[in-house]
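Colleague: My structure is below; once you've seen it, I'll send some questions.
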Amino acid sequence: MGQKMLELINVSAGYNGTDVVKNVSLAVNAGENLSIIGPNGCGKTTLLKAVANILPYRGEIALDGKPTRKLKQREISRKIAMLSQNSGAYFSYTVYDTVMMGRYLHIKDRLLGLPSSGDKDFVLECLKTADLLDVKDREITRLSGGQLQRVFLAQVLAQDPAVILLDEPTNHLDLKFQIELVEYLKQWASQWGRAVVGVMHDINLALRLSARLLVMKGGGVSAYGNADEIMTGGLLENTYGIDVAGYMRELLAVWENVK
Amino acid sequence: MKTKIIVTAAAALAALILGVAVGSVYIPPGDILRIIAHMVFGARLPEEISATSAAILWNLRLPRALLAFVAGAALSVSGAVMQSVLRNPLASSYTIGVSSGASLGACLVLLYGAALPMPAMLTLPVFGFAFGLGTILLAVAFASGIDSRMENNTIILAGMVFSLFVNAVTTLLMAMSGEYMNRLIYWQMGSFAMKDWHTLYILVPLTIIGALFAVRCNRELDMMTFGEEQAKTMGVSLKRVKWALLICASLLTGGTIAFVGVIGFVDLVAPHIVRRIFGPSHRYVIPLSALLGGAFMVICDLAARTVVSPSELPVGAVTALVGAPFFAYVYFAKRKA
């Protein structure tokens with residue numbers, strides 16, 4: 001177990017005075033990940049936005065023991081990066097230029113913002129990780145949804161944060177990349193003593209990303225802890241309103257017949 | 001990229017020379033240089049150049065062409081900044097009220113003889129500028145009051161509400177005292193006629209400072225085109241940068257239209273064409289929009305004063321007449337491909 005990297009104590013957040021997230025507490029240690037699951041509209045994305053400091057919140061969010069409320073945005077962004085679910089391409093930047101934007105806080109040239117050779121190497125490494133080297137000079141408006149998703153993943157990696165927040169990271173990705181992404185992030189977190197907090201729709205991928213699970217419903221926490229301790233058929237049925245475990249077993253039976 | 005930049009710079013210089021050379025009296029480019037050398041460095045004027053030519057060039061053509069260039073550059077930079085900050089291809093300082101405010105200011109001066117303790121030639125620009133900037137500041141402050149995150153749609157809508165309201169006030173004032181209406185309409189159409197070096201002394205530093213600030217913010221502008229949340233999570237101090245850029249764009253537009261009237265279209269067209277040719281990075285978009293917008297304005301003004309010479313067309317109409325088909329060609333021809 002590493003040190004406590006990210007801690008939330010009774011965090012509530014929402015829009016126009018209405019709380020969407022209510023009194024959520026959690027802690028993530030260095031080198032470990034956390035998956036957040038729950039039905040649509042239960043406040044998962046809102047929670048991530050509060051952690052990234054793009055939504056106002058009540059309660060306490062601490063980063064390496066320091067309350068983020070006292071930090072400037074650039075100090076928070078040095079530590080926390082977020083891969084959002086609805087990033088889009090508005091202008092036709094190249095893949096390379098888009099990923100380079102992730103180096104914003106690292107680039108030392110404050111006047112024109114020209115990257116150093118170290119920044120360039122770092123970006124190439126991120127492009128390689130996201131398997132984008134072949135298309136690095138292509139305009140992002142000409143990419144498929146999955147490729148664009150990987151561009152934003154590379155951008156998040158280029159930010160070189162301590163904590164990555166993922167909001168539905170596997171949207172648009174094919175099966176191979178979904179699995180590769182999760183495996184890569186696990187390794188990224190454990191190797192460098194960092195952490196990934198991922199909002200996942202796919203429960204199987206959630207379990208693959210982390211042993212620990214936060215289950216949300218109606219803005220609050222309905223269960224939190226190690227998956228093998230807290231996850232029961234009853235919990236999932238209560239959360240999603242269908243017999244999730246039964247459905248998975250049915251699927252399993254189908255797969256057993258696949259030759 | 002380098003070649004493209006050099007070609008653009010050369011074209012801009014050519015436009016400027018053309019704008020100075022052509023008129024009721026043609027002055028060859030060589031003579032232009034000699035006259036400038038004579039006026040600036042005190043070099044001897046060759047005998048074949050008449051004093052009249054020199055006077056025409058120095059007192060009329062050169063300040064006028066330079067003013068057109070600077071105005072075009074300022075409006076284009078402002079347009080580029082607004083489009084990116086508000087993430088809207090049609091956004092400009094005009095959309096959020098600078099021209100309506102400036103028109104109201106001009107209206108008050110023309111109709112009620114509002115005066116300040118300053119030279120008379122400055123009264124109209126100063127009022128126009130103050131009211132233009134005031135309208136935008138009110139709109140943005142209003143937007144930030146009702147929406148603490150200051151989202152783009154809120155700003156655009158607040159700007160439109162203020163803009164329409166101020167326009168209505170101007171229309172009412174005009175309707176109530178018809179005799180000055182023509183002067184106000186003439187002012188609103190925009191013109192570079194009857195301007196001298198003094199206007200340049202104010203507009204040149206303003207434009208340079210504004211454009212340099214925009215270039216300085218090139219990376220923030222790049223990131224803001226991906227949306228505010230993404231820019232913020234990457235470390236941009238969003239609210240502060242957004243305010244600063246909105247004010248920078250408004251100063252550029254407000255300062256320009258205060259002196260030369262409302263000239264539309266160049267702020268919309270120039271940045272789009274630059275992005276088509278040079279890509280969307282603001283490191284290039286800002287300076288090249290200034291070059292291209294400046295050159296475009298010089299050519300439009302040249303057309304405005306020569307096509308129906310000796311009378312003049314309103315340059316605002318020419319920018320749209322020349323710009324619209326050209327823009328349609330550049331924008332849609334490439335999209336079709």
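Colleague: Counting just the residues of the stretch B:234-253 that are among the β-branched types (Val, Ile, Thr) and within 24 Å of the chain's Cα centre (by Cα), which one comes out nearest to the other protein chains (Cβ to nearest Cβ)? Steps first, please.
Modeller: From the stretch B:234-253, those among the β-branched types (Val, Ile, Thr) are B:236, B:241, B:247, B:253; that's our starting set.
With the extra rule that they be within 24 Å of the chain's Cα centre (by Cα), the set shrinks to B:241, B:247, B:253.
Numbers: B:241: 10, B:247: 20, B:253: 22 Å.
For the stretch B:234-253, the residue satisfying everything is B:241.
Colleague: If a residue must be in contact (Cβ under 8 Å) with a residue 24 or more places away in the chain and of a type in the set (Asp, Glu), how many such residues does the stretch A:184-241 contain?
Modeller: Of the residues in that region, 1 qualify.
Colleague: Condition first: of a type in the set (Phe, Trp, Tyr), under 18 Å from the mean Cα position of the chain (by Cα) and either facing chain B (nearest Cβ under 9 Å) or assigned to a loop (DSSP other than H, G, I, E, B) (or both). Can you find one or more residues in the stretch A:129-152 that meet it? Quick ask: steps written out before the conclusion?
Modeller: As a first pass, look at the stretch A:129-152 and keep what is of a type in the set (Phe, Trp, Tyr): A:152.
Add one more test, that the residue is under 18 Å from the mean Cα position of the chain (by Cα), and what stays is A:152.
Keeping just the survivors that are either facing chain B (nearest Cβ under 9 Å) or assigned to a loop (DSSP other than H, G, I, E, B) (or both) gives A:152.
Yes, because at least one residue in the stretch A:129-152 is of a type in the set (Phe, Trp, Tyr), under 18 Å from the mean Cα position of the chain (by Cα) and either facing chain B (nearest Cβ under 9 Å) or assigned to a loop (DSSP other than H, G, I, E, B) (or both).
Colleague: When you scan the stretch A:62-82, how many residues do you find that are out of contact with any Lys or Arg (no Cβ under 6 Å at 6 or more places or on another chain), surrounded by 16 or more Cβ atoms within 10 Å (Cβ to Cβ), touching a residue at least 40 places away in the same chain (Cβ under 8 Å) and closer than 20 Å to residue A:11 by Cβ?
Modeller: 6
Colleague: Still on this structure, please answer the following. Please determine whether any residue of the stretch A:92-100 is facing chain B (nearest Cβ under 7 Å), touching a residue at least 24 places away in the same chain (Cβ under 8 Å) and surrounded by fewer than 18 Cβ atoms within 10 Å (Cβ to Cβ). Working first, answer last.
Modeller: From the stretch A:92-100, those facing chain B (nearest Cβ under 7 Å) are A:92-93, A:97; that's our starting set.
Those left that are additionally touching a residue at least 24 places away in the same chain (Cβ under 8 Å): A:92-93.
Among the residues that remain, those that are also surrounded by fewer than 18 Cβ atoms within 10 Å (Cβ to Cβ) are: A:92.
Checked against the condition, which is being facing chain B (nearest Cβ under 7 Å), touching a residue at least 24 places away in the same chain (Cβ under 8 Å) and surrounded by fewer than 18 Cβ atoms within 10 Å (Cβ to Cβ), the stretch A:92-100 yields at least one hit.
Colleague: Can I ask one more? From A:105, A:55, A:112, A:48, grab the single residue that is within 12 Å of chain B (Cβ to nearest Cβ) and without any contact (Cβ under 8 Å) to a residue 12 or more places away in the chain. Full working, then the answer.
Modeller: Details: A:105 fails: without any contact (Cβ under 8 Å) to a residue 12 or more places away in the chain; A:55 fails: without any contact (Cβ under 8 Å) to a residue 12 or more places away in the chain; A:48 fails: without any contact (Cβ under 8 Å) to a residue 12 or more places away in the chain.
Of the residues listed, the single one that is within 12 Å of chain B (Cβ to nearest Cβ) and without any contact (Cβ under 8 Å) to a residue 12 or more places away in the chain is A:112.
Colleague: If you don't mind, there's one more thing I want to ask. Which members of the stretch A:58-77 meet the condition of being of a type in the set (Asp, Glu) and either closer than 22 Å to residue B:241 by Cα or within 14 Å of another protein chain (Cβ to nearest Cβ) (or both)?
Modeller: So in the stretch A:58-77, the residues of a type in the set (Asp, Glu) come out as A:60, A:64, A:75.
Correct list: A:75 only.
Colleague: Ok, one more. Can you tell me which residue is farthest from residue B:254 (Cα to Cα) among those in the stretch B:209-220 that are in contact (Cβ under 8 Å) with a residue 60 or more places away in the chain, more than 10 Å from chain A (Cβ to nearest Cβ) and of a type in the set (A, V, I, L, M)?
Modeller: Residues of the stretch B:209-220 in contact (Cβ under 8 Å) with a residue 60 or more places away in the chain: B:210-211, B:214-215, B:217-219.
Now restrict to residues that are more than 10 Å from chain A (Cβ to nearest Cβ): B:210-211, B:214.
Checking the rest, the ones that are also of a type in the set (A, V, I, L, M) come to B:211, B:214.
Numbers: B:211: 14, B:214: 16 Å.
For the stretch B:209-220, the residue satisfying everything is B:214.
Colleague: I'm told residue A:162 meets every condition in (1) under 24 Å from residue A:29 (Cβ atoms); (2) out of contact with any Lys or Arg (no Cβ under 6 Å at 6 or more places or on another chain) except one. Can you identify the failing condition by its number?
Modeller: The single condition residue A:162 does not satisfy is (2).
Colleague: Would you mind finding the one in B:286, B:299, B:263 that is crowded, with 18+ Cβ neighbours inside 10 Å, β-branched (Val, Ile, Thr), within 14 Å of chain A (Cβ to nearest Cβ) and out of contact with any Lys or Arg (no Cβ under 6 Å at 6 or more places or on another chain)? Write out each step before concluding.
Modeller: Numbers: B:299 fails: within 14 Å of chain A (Cβ to nearest Cβ); B:263 fails: within 14 Å of chain A (Cβ to nearest Cβ).
Only one candidate qualifies: B:286.
Colleague: Related question: For the condition more than 21 Å from residue B:264 (Cα to Cα), at pLDDT 80 or above and exposed (fewer than 13 other Cβ atoms within 10 Å of the Cβ), what is the one hit in B:168, B:175, B:115, B:120?
Modeller: Details: B:168 fails: more than 21 Å from residue B:264 (Cα to Cα); B:115 fails: at pLDDT 80 or above; B:120 fails: at pLDDT 80 or above.
Only one candidate passes the filter, namely B:175.
Colleague: Name the residue, out of B:36, B:56, B:49, that is in contact with an Asp or Glu (Cβ under 6 Å, 6 or more places away or on another chain), among the β-branched types (Val, Ile, Thr) and over 21 Å from residue B:215 (Cβ atoms).
Modeller: Working: B:36 fails: in contact with an Asp or Glu (Cβ under 6 Å, 6 or more places away or on another chain); B:56 fails: in contact with an Asp or Glu (Cβ under 6 Å, 6 or more places away or on another chain).
Criteria check complete, one pass: B:49.
Colleague: Out of the residues in the stretch A:78-91 that are touching a helix residue (DSSP H, G or I) at 6+ places or on another chain (Cβ under 6 Å) and not in a loop (DSSP other than H, G, I, E, B), which is nearest to the other protein chains (Cβ to nearest Cβ)?
Modeller: If we take residues in the stretch A:78-91 being touching a helix residue (DSSP H, G or I) at 6+ places or on another chain (Cβ under 6 Å) and not in a loop (DSSP other than H, G, I, E, B), then A:82 is nearest to the other protein chains (Cβ to nearest Cβ).
Colleague: A further question follows. Every residue in the stretch A:155-171 that is outside any strand (DSSP E or B) and within 13 Å of chain B (Cβ to nearest Cβ), please. If you could, list the steps in order and put the result at the bottom.
Modeller: Of the stretch A:155-171, the ones outside any strand (DSSP E or B) are A:155-162, A:168-171.
Within the stretch A:155-171, A:155, A:156, A:157, A:158, A:159, A:160, A:161 meet the criteria.
Yes or no, residue by residue, for (1) surrounded by 19 or more Cβ atoms within 10 Å (Cβ to Cβ); (2) away from chain A (no Cβ under 14 Å):
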| position | (1), (2) |
| --- | --- |
| B:190 | yes, yes |
| B:207 | yes, yes |
| B:223 | yes, no |
| B:227 | no, no |
| B:232 | yes, no |
| B:268 | yes, yes |
| B:277 | no, no |
| B:294 | yes, yes |
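Colleague: Additional query: Within the stretch A:47-61, which residues are surrounded by fewer than 18 Cβ atoms within 10 Å (Cβ to Cβ) and either in a loop (DSSP other than H, G, I, E, B) or touching a Pro at 6+ places or on another chain (Cβ under 7 Å) (or both)?
Modeller: First pass over the stretch A:47-61, keeping only residues surrounded by fewer than 18 Cβ atoms within 10 Å (Cβ to Cβ): A:56, A:58-60.
Within the stretch A:47-61, A:56, A:60 qualify.
Colleague: Related question: Looking at B:40, B:22, which is the one that is among the β-branched types (Val, Ile, Thr), free of Cβ contacts under 8 Å to residues at least 12 places away in the same chain, more than 14 Å from chain A (Cβ to nearest Cβ) and more than 30 Å from residue B:217 (Cβ to Cβ)? Can you show your working first?
Modeller: Details: B:22 fails: free of Cβ contacts under 8 Å to residues at least 12 places away in the same chain.
On inspection, the qualifying residue turns out to be B:40.
Colleague: Moving on to the next point. Select from the stretch A:243-259 the residues that are modelled with pLDDT of 90 or more and β-branched (Val, Ile, Thr) and write down the one among them that is nearest to residue A:45 (Cα to Cα).
Modeller: A:244
Colleague: To continue, here is another question. Considering each residue of the stretch A:198-236, count those that are surrounded by 15 or more Cβ atoms within 10 Å (Cβ to Cβ) and not in a loop (DSSP other than H, G, I, E, B), and give that number.
Modeller: 23
The values are calculated or read from the model by the stated rules, or taken from the named source; none is laboratory data. This structure is a prediction, so every number in the text was calculated from the model and none was measured. All Cβ positions, glycine included, derive from the backbone under ideal geometry; neighbour counts span all protein chains shown.
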